[in-house]
Amino acid sequence: TAFQNEAAFRQIIGLNAILIPITFFLDINAVEQAIMIAVCLFAVIVELFNSALEAVVDRISLERHELSKNAKDMGSAAQFVALTIIFTTWCIILFL
């Protein structure tokens, strides 16, 4: 359902389809590779929760409400943090 109905979920899957295979060609140890893959999969989990939250908020009411807006904004912020974790982790492993 998430893949069919959520563009953001498809984008995260697309990003992972690129990043995860790259880890197999990098000169890194197994622990670093596992961490790089784990943070990518973490973003998938966060996006699933974000999509679920948005679905529940929309199911309750499509009417504009401050609490609904806050819930959706917090879900989006969580996904931004997850993407920041990917970027930071990959930069640390690859460049430090």
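What does the net charge come to around Ser76 if you take all other residues with beta carbon closer than 15 Å to its beta carbon, with K and R at +1 and D and E at -1?
Details: positive: Lys69, Lys72; negative: Glu6, Glu47, Glu54, Asp58, Asp73.
Combined, the nearby Lys, Arg, Asp and Glu give -3.
Taking other Cβ atoms within 10 Å as a rough exposure proxy, Met74, Met36 sort from fewest to most as Met74, Met36.
Considering only Met74, Gln4, Trp90, the residue lying farthest towards the positive end of the dipole of the chain is Gln4, judged by Cα position with unit charges set on Cβ.
Label-to-label distance for Leu15 and Gln33 is 2.3 nm, based on points extended 7 Å past Cα in the beta-carbon direction. Chymotrypsin sites (Phe, Trp or Tyr not before Pro), restricted to the chain: which are DSSP loop and have at most 10 other Cβ atoms within 10 Å? Those satisfying the criteria are Phe24, Phe25.
What full-extension length gain, to one decimal in nm, is calculated for Ala77 and Ala55 as 0.36 nm per residue of separation minus the Cα-Cα distance? Please report the intermediate quantities before stating the final value.
Working: separation 22, 0.36 × 22 = 7.92 nm, distance 1.64 nm.
Difference between extended and current length: 6.3 nm.
Quotient of the Cα radius of gyration of the chain and 2.2 N^0.38 Å, N being its number of residues: 1.27.
Give a quick list of trypsin sites (Lys or Arg not before Pro) in the range 22-96 that DSSP marks as loop, anything other than H, G, I, E or B, with at most 16 other Cβ atoms within 10 Å. Kindly include the intermediate steps, with their values, before the conclusion.
Numbers: sites: Arg59, Arg64, Lys69, Lys72; in loops: Arg64.
The qualifying sites are Arg64.
On the beta carbon distance between Asn70 and Ala8, with R0 = 22 Å, the FRET formula returns roughly 0.75. Within the listed set Ile28, Ile18, Ile60, the Gaussian network model of the chain (springs between alpha-carbon atoms below 10 Å) gives the highest mean-square fluctuation for Ile60.
So how do Cys91, Cys40 line up by other beta-carbon neighbours within 10 Å, fewest first?
On the way: Cys91 10, Cys40 23.
Least to most surrounded, the residues fall as Cys91, Cys40.
Roughly how tilted is helix 30-60, in degrees to the nearest 10 and between 0 and 90, from the longest Cα axis of the chain? Long axis of 30-60 versus the principal axis of the chain: about 10 degrees.
Computed extension gain for Thr84 through Thr1, at 0.36 nm per residue and net of the alpha carbon distance, reaches 27.3 nm.
Since every read-out is calculated from the coordinates, none of them should be taken as a lab result. Keep in mind the model is a prediction, meaning the values are calculated, not measured. Using ideal geometry, Cβ is built from the backbone for each residue, glycine included, and neighbour counts are taken over all protein chains shown.
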